[in-house]
Structures are given as C-alpha cells and as structure tokens.
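To start, the structure under review is shown below, and the notes come after it.
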Amino acid sequence: MTVLSDLVDALADGRVEVVDLTAPLSAETPILELPPEFGQTARFQLEEISRYDDRGPAWYWNNFRTGEHTGTHFDAPNHWVTGKDMADVGSVPPAAFLAPAVVLDVADRVSDDPNFLIEVEHIRAFEAEHGALPAGGWLLCRTGWSARVTQADMINNTETGPTSPGMSAECARWVAEESALQGIGVETVGTDAGAAHSFDPAFPCHSFLMGNGKYGLAQLQNLDRLPPTGAVVVAPPLRIVGGSGSPVRVLALVEH
Ligand code: MN
C-alpha cells in the first residue's frame, strides 16, 4: 500500500516525528483524590518477581498494581453512570485509537487563573482561525498543567478544594452533543476541572462525554510540541475485559 510505505519512509527520514504525550508511570505519578467517603484509585506500584537472582537467575520481571485511571489514561464510556450501558474499555472500536487531533492552547490564560474554563466561544474562535474540528478526532486542551509533576502541584488544593483548569458544563455538553469530536484530552489528572464537583451537572466532561459514548484522555504531556492542527494521535488502552479505562501510551505523529 502506497500510503503506509510513504508513512514508513517519512518516519525514517524525519518528515513525520513521533512525539510522546505520556507521563512517566511510577509510584510518584500524581493521581486523582476524591473526598474520603469515596473509594480511591491506586497509585502505580511495581512488585518485583525476580531480578537475576534466586527467584529467577536469568530474568527480571515485575507484577504491577494500578488504578485504571492512574497516570496518562483512557476513559471509556462506561466509566460514568451516564454511559453505564455503553462500551467498556475492552470493546471500544480500535479505529478510535488512531485519530486526528487539534490542540487548543489556553496556557496563557491558565497561568493567570488556575480555575480557567474553556468555553464554546474559545472553540469557535479556534475554528475561525484553523478550520472545523476533525470528525472523529480529539480536542487536546493545552493548559501548561503538565509542568506540575508532584501530587501537591497537580491537585493544587486551595480553600475551595482541588484547583485546576478544565471546561465549562455548557462547553462539555456542546463537545459531547454537537461537535463531531470523539473526545477530549487534557493535562490534568481527569478530564474535568478541579472545581467540577460544584458544576451543574457535576463533573460535566465525564457526564456528557461518557453519556454520549465519547472518550477522554487525561494527564497528557508535551502538547506544546504539537501543531494546532494536523497531528494524528495513537492511544490504544489495554483491552481490559469490562474495564472502565486503562493506562495508555499516547503518541502523536507530527508532520514537518
Ligand atoms: Mn479517568
């Protein structure tokens, strides 16, 4: 096939660059914090089985324990009650894992206001400058939040609770119900803003996107290395039977 052989050539000679959008996954990777009355997601943990020793002289390997929603991860529709009868992470159609992406850069506004919310008007302004959002694609929201690599900096607790940027309820509804996107990607620990527990509905990105069979990508990095349009995102989560999400290695193909 000419298209794939052209892609292989372009990867080899650097016309297409592979950019890693994935946060390192370790016990230090920041995780979502819920109020104490709720169940909590687990930190990533390695448990050594053997390391060229009595337990296995020629081999090194680990078991690991992790939340499905720990680190850079994929949200499947059944993650939220609004999508409880929709696809689990193991039955999302694989074509969704290879999709065009656009990058909306609001990092300047977030540096002035950590509670900054993306509104429909910001997306409309993006479309006026760069063209229509890609059908079946991702809207990646660049906030600069990925520079916060510790638990405390990522969650950013203030007197009002977690304080981090996101999307307004109306914008989340618009993306889910009116746009042709398949989902959104963010730099924060989840797709919703830190204060989204107080929105109407609560956690609107989860509520509207999952309820419309759409997807989320959280804790992305290196969005500053992507163009506003034209990148292709490769994000295949583990095929966990019945699962609600999965850690995922997210790559972007960028044409130079
Ligand atoms: Mn999640």
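The values are calculated or read from the model by the stated rules, or taken from the named source; none is laboratory data. From a predicted model like this one, the values you see are computed outputs, not experimental measurements. Heads up, the Cβs are rebuilt from the backbone with ideal geometry, glycines too, and the neighbour counts pull from every protein chain shown. Heads up: the accessible areas ignore ligands, DNA and RNA and are worked out on the full protein's heavy atoms, side chains in. Shrake-Rupley method; radii C 1.70, N 1.55, O 1.52, S 1.80 Å.
List of remarks:
- Multiplying the residue separation of GLN151 and ARG109 by 0.36 nm and subtracting their alpha-carbon distance yields 12.9 nm.
- When the trypsin sites (Lys or Arg not before Pro) in region 64-172 are filtered for DSSP coil states and for at most 14 other beta-carbon atoms within 10 Å of their beta-carbon, the remaining sites are LYS84.
- Region 1-78 shape via C-alpha gyration tensor axes, a/c threshold 1.5: oblate
- Label point distance in nm, SER91-ASP13, each placed 7 Å from Cα along Cα→Cβ: 4.6
- Anisotropy class of region 36-145 from Cα gyration tensor, a/c 1.5 cut: prolate
- Put a dot 7 Å past the Cα of ARG65, heading toward its Cβ, do the same for ARG124, and the two dots end up 5.0 nm apart.
- Filtered GluC sites (Glu not before Pro), region 155-256: DSSP coil and at most 14 other beta carbons within 10 Å: GLU159, GLU178
- Region 62-218: C-alpha gyration tensor shape, a/c 1.5 cut-off, then a/b vs b/c: rounded
- For region 61-155, the set of GluC sites (Glu not before Pro) satisfying both a DSSP loop assignment and a count of at most 15 other C-beta atoms within 10 Å is given as GLU119.
- Extension gain from LEU34 to LEU98, taking 0.36 nm per residue of separation minus the Cα-Cα distance: 19.9 nm
- Environment charge of GLY56, counting only residues whose C-beta is closer than 14 Å and scoring Lys/Arg +1, Asp/Glu -1: -2
- Legend: calculated FRET efficiency, THR160 to ASP53, from the Cβ-Cβ distance at R0 = 45 Å, rounded to 0.05, equals 0.35.
- Residue-averaged 222 nm ellipticity for the chain, from DSSP H runs of 4+ at -39500 (n - 2.57), nearest 500: -4500 deg cm²/dmol
- Comparing Cα centroids, region 39-57 and region 102-164 end up 35 angstrom apart.
- With a cut-off of 12 Å between beta carbons, the residues surrounding ASP88 carry a summed charge of -1, where Lys and Arg count +1 and Asp and Glu -1.
- Burial ranking of peptide ranges 75-81, 227-233 (average Cβ count within 10 Å, highest at the top): 75-81, 227-233
- The chain - accessible surface per residue (Å², probe 1.4 Å): 49
- Net charge of the neighbourhood of GLY216, taken over other residues with C-beta under 14 Å away and scored Lys/Arg +1, Asp/Glu -1, is -3.
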